[in-house]
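What follows is a single structure, written as structure tokens, with notes after it.
The values are calculated or read from the model by the stated rules, or taken from the named source; none is laboratory data. Keep in mind that what you see is a predicted model, and the values were worked out from it rather than measured. Positions of Cβ are backbone-derived with ideal geometry, glycine not excepted, and every protein chain shown enters the neighbour counts. Accessible surface is based on the protein model in full, side chains and every heavy atom, while ligands, DNA and RNA are left aside. Shrake-Rupley method; radii C 1.70, N 1.55, O 1.52, S 1.80 Å.
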Amino acid sequence: MEEKERNKIRNKLPKIEQNLLDLVEKYEAETGDSFLVCGNRLSDIIAQAWEEHREKKHLLLSAKKQMREN
């Protein structure tokens, strides 16, 4: 069941993310203001979250590789 849920999220997340960024872009165009969350642009927060995800994934794969070698 966990695998099925993970795949469902993996498929839907890019669409939801793009929809959210489109709405933010529309808001910014209409108001002339940046859409901020805790003082940070939402697009920056999303980009940082993806970077952290990639780093964690890389560390996990490196750890697994090291365990196999030992």
### Task
With respect to Asp22, determine if the residue is among the charged types (D, E, K, R), open to solvent by less than 100 Å² (accessible area, probe 1.4 Å), without any contact (Cβ under 8 Å) to a residue 40 or more places away in the chain and outside any helix (DSSP H, G or I).
no
### Qualifying residue in segment 51-63 (condition: more than 19 Å from Pro14 (Cβ to Cβ) and either open to solvent by less than 90 Å² (accessible area, probe 1.4 Å) or not in a helix (DSSP H, G or I) (or both))
yes
### Task
Identify, by number, the condition in (1) at pLDDT 95 or above; (2) open to solvent by 100 Å² or more (accessible area, probe 1.4 Å); (3) of a type in the set (Asp, Glu) that Glu2 doesn't meet.
(1)
### Matching residues in segment 25-49 - criterion: being open to solvent by 70 Å² or more (accessible area, probe 1.4 Å) and acidic (Asp, Glu)
Glu25, Glu30, Asp33, Asp44
### One residue from Glu2, Glu17 being acidic (Asp, Glu) and more than 14 Å from the chain's Cα centre (by Cα)
Glu2
### Task
Tally the residues that are assigned to a helix (DSSP H, G or I) and out of contact with any helix residue (DSSP H, G or I) (no Cβ under 8 Å at 6 or more places or on another chain), restricting the search to segment 25-49.
12
